[in-house]
1. How many residues are under 27 Å from Phe153 (Cβ atoms), surrounded by 22 or more Cβ atoms within 10 Å (Cβ to Cβ) and not polar (S, T, N, Q) if we restrict to region 59-99?
2. Taking region 135-159 only, how many residues are surrounded by 15 or more Cβ atoms within 10 Å (Cβ to Cβ) and either among the charged types (D, E, K, R) or touching a residue at least 60 places away in the same chain (Cβ under 8 Å) (or both)?
3. Going by what's in this entry, would Ile11 be described as within 17 Å of Ser148 (Cα to Cα), among the β-branched types (Val, Ile, Thr) and under 11 Å from the mean Cα position of the chain (by Cα)?
Amino acid sequence: MDLLTSLGLSIPAGLNAYIPLMAVALSQRFGWLELREPFGVLGEWWMIAIIGVFLVIEIVADKIPAVDQINDIIQSVLRPAAGGIVAVAASGSAANVSPWLLVLAGVLLAGGVHVVKAVTRPAVNLTTAGSGAPVVSTAEDAGAVAFSAAAIFAPIIVVVLLAGLIYAFWRLWRWRKSRSNSDSIR
């Protein structure tokens, strides 16, 4: 289960680097998770405060059209890195798994989600004249909170959520493909 938790926390890091970091930090602080050393420091109040400041900046920046795209460029390194950090930190009793393998898996999961977000956000901004950015960003933040909570408190749900996410992306891809085919016929 610790492996599902660690990998499950990497996925929302691709949407917002600081939500799963805050979830891990608070979980360590309140004893819900035992973090792999040296990541226990994440549960210290001063570290929670630092993560909180970055979380607020990320939430605000992601709601403003054009600023969100600049933020996505900056976060192209930070979100995958956060995915790698939470994957190792939350691995707990999965200590027999190489930390480097966990970092790689976390970076790939968070990076993949980030790429999808960074590619689709300009389309949302363009098609809605920027009014969709706060709505989509709020939905992403809510999803990141829900995914993080599920990874910590009910890791088996991560499998169901991941399957649902893959299905939704597949349906979106098929819809866009059929739409582009019908546009080319006209």
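Throughout, read-outs are computed from the coordinates displayed, never taken from laboratory work. Computed from a predicted model, the values in this text were never measured in an experiment. Positions of Cβ are backbone-derived with ideal geometry, glycine not excepted, and every protein chain shown enters the neighbour counts.
1. 12
2. Within region 135-159, residues that are surrounded by 15 or more Cβ atoms within 10 Å (Cβ to Cβ) and either among the charged types (D, E, K, R) or touching a residue at least 60 places away in the same chain (Cβ under 8 Å) (or both) number 14.
3. So Ile11 fits the description; yes.
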